[in-house]
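Novice: Below is one structure. I have some questions about it.
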Amino acid sequence: MSNRFKPHFPRSLSLTALMTVAALLTGCFSDDESWRGKDISGLMPELAFELTDTSGDTLTAQETEGEIRMVFFGFTSCPDVCPATLQKLSRAVKDMPGDLQKDTRIVFVSVDPQRDTPERIESYVGFFSERAIGLTGEEKALRELSKRYRTTFGYDDPDTEGNYNVSHSGAVYVFDRQGDARLLFRPDLSVDDIRTDLVTLAEENKS
């Protein structure tokens, strides 16, 4: 990794921004007893993206229509939040009835395009689940997508070896078969709670 890479935010600003977003997400969405996660129906735009998949090809949200999609922003060098979240999501999907598993997709969006090549992302998501796909893109496109869902990310200063951390939200955005935003999974949600909500969503309008 070259030291010429210049992060856009100092650590304090990126963390402050993320804390603000987290507070907004917690305060804006009321609890609904019928869901284990936060009900965000009608509060966020439908799923839309045009990013690069692990084959190096362009993938759009329209190409994944008909599936329940869990979108999570992270990076493959993440030491804790990303692997813990992906493991939890993969376990929840694996615990679903077999006929519903194939209708459910984990969408991992890397916000670290400087280091996360399609090949690296493919190896990373494949470790967790065959129902997971990995995407990335140019930083501008990633910032536009994260802003669309009221979150953000930032880069710490590189160390002497050129390594750096990426600050990002731990929230998972869940979209139904039609691409409508339905739920927000926060890090404290259990595997069983996630599975329960996914089964309910997958059984809606099942073809």
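Novice: Can you give the net charge of the other residues whose Cβ lies under 9 Å from the Cβ of Pro113, counting K and R as +1 and D and E as -1?
Specialist: Around Pro113, the charge tally is -3.
Novice: Among Leu135, Phe108, Leu89, which residue has its Cα positioned farthest towards the positive end of the charge dipole of region 86-145, with +1 placed on the Cβ of Lys and Arg, -1 on the Cβ of Asp and Glu, and the dipole taken about the Cα centre?
Specialist: Leu89
Novice: With point charges of +1 on the Cβ of Lys and Arg and -1 on the Cβ of Asp and Glu, referenced to the Cα centre of region 77-200, which listed residue (Thr196, Cys78, Tyr155) lies farthest in the positive direction of the dipole?
Specialist: Most positive-ward Cα: Thr196.
Novice: Also, quick follow-up: Quick one: what are the phi-derived ³J(HN,Hα) couplings along region 118-134, Karplus 6.51/-1.76/1.60 with θ = phi - 60°, whole Hz, x for glycine and proline?
Specialist: Per-residue couplings from phi come out as x, 5, 5, 5, 4, 5, 5, 5, x, 5, 8, 6, 6, 9, 9, 10, x Hz.
Novice: Across 5 Å bins from the origin, how do the percents of Cα pairs in region 145-207 run, short distances first?
Specialist: Per 5 Å bin, starting at 0, the Cα pair percentages come out as 4, 13, 20, 16, 14, 13, 8, 6, 4, 2, 1.
Novice: In terms of the Cα gyration tensor, with a ≥ b ≥ c the square roots of its eigenvalues, is region 69-120 rounded because a/c is under 1.5, prolate because a/b exceeds b/c, or oblate?
Specialist: Prolate.
Novice: Over the Cα atoms of region 31-76, what radius of gyration and what Dmax do you get, in Å?
Specialist: 13.8, 42
Novice: So what's the projected area for region 95-198, the Cα convex hull averaged over all directions, in nm²?
Specialist: The orientation-averaged projected area of the Cα hull of region 95-198 comes to 7.9 nm².
Novice: Once you list every other residue whose beta carbon is under 10 Å from the beta carbon of Val191, what net charge do they have if Lys and Arg are +1 and Asp and Glu are -1?
Specialist: Summing Lys and Arg as +1 and Asp and Glu as -1 gives +1.
Novice: Quick check: residue separation of Thr160 and Lys206 times 0.36 nm, minus the Cα distance between them. What number comes out in nm?
Specialist: Going from the current span to full extension adds 11.3 nm.
Novice: While we're looking at this one, here's another question. List the GluC sites (Glu not before Pro) within region 132-207 that DSSP assigns to loop and that have no more than 15 neighbouring Cβ atoms inside 10 Å.
Specialist: Of the GluC sites (Glu not before Pro), the ones in loops of region 132-207 whose Cβ has at most 15 other Cβ atoms within 10 Å are Glu138, Glu161, Glu204.
Novice: Quick one: Karplus J couplings for region 90-102, per residue in order, coefficients 6.51, -1.76, 1.60, θ = phi - 60°, nearest Hz, x for Gly and Pro?
Specialist: With coefficients 6.51, -1.76 and 1.60, one gets 5, 5, 5, 5, 5, 7, 6, x, x, 6, 9, 4, 5 Hz.
Novice: Could you rank the peptides 118-128, 174-184 by their average count of other C-beta atoms within 10 Å per residue, with the highest value first?
Specialist: 174-184, 118-128
Novice: On a straight-distance basis, which lysines could pair with Lys88 in a cross-link, Cα separation under 19 angstrom, same-chain partners fewer than 8 positions away excluded?
Specialist: Within the straight-line limit of under 19 Å, Lys88 reaches these lysines: Lys38, Lys102.
Every number in this text was worked out from the coordinates using simple rules, so none of it is lab data. Every value quoted in this text rests on a predicted model; they were computed, and no experiment measured them. All Cβ positions, glycine included, derive from the backbone under ideal geometry; neighbour counts span all protein chains shown.
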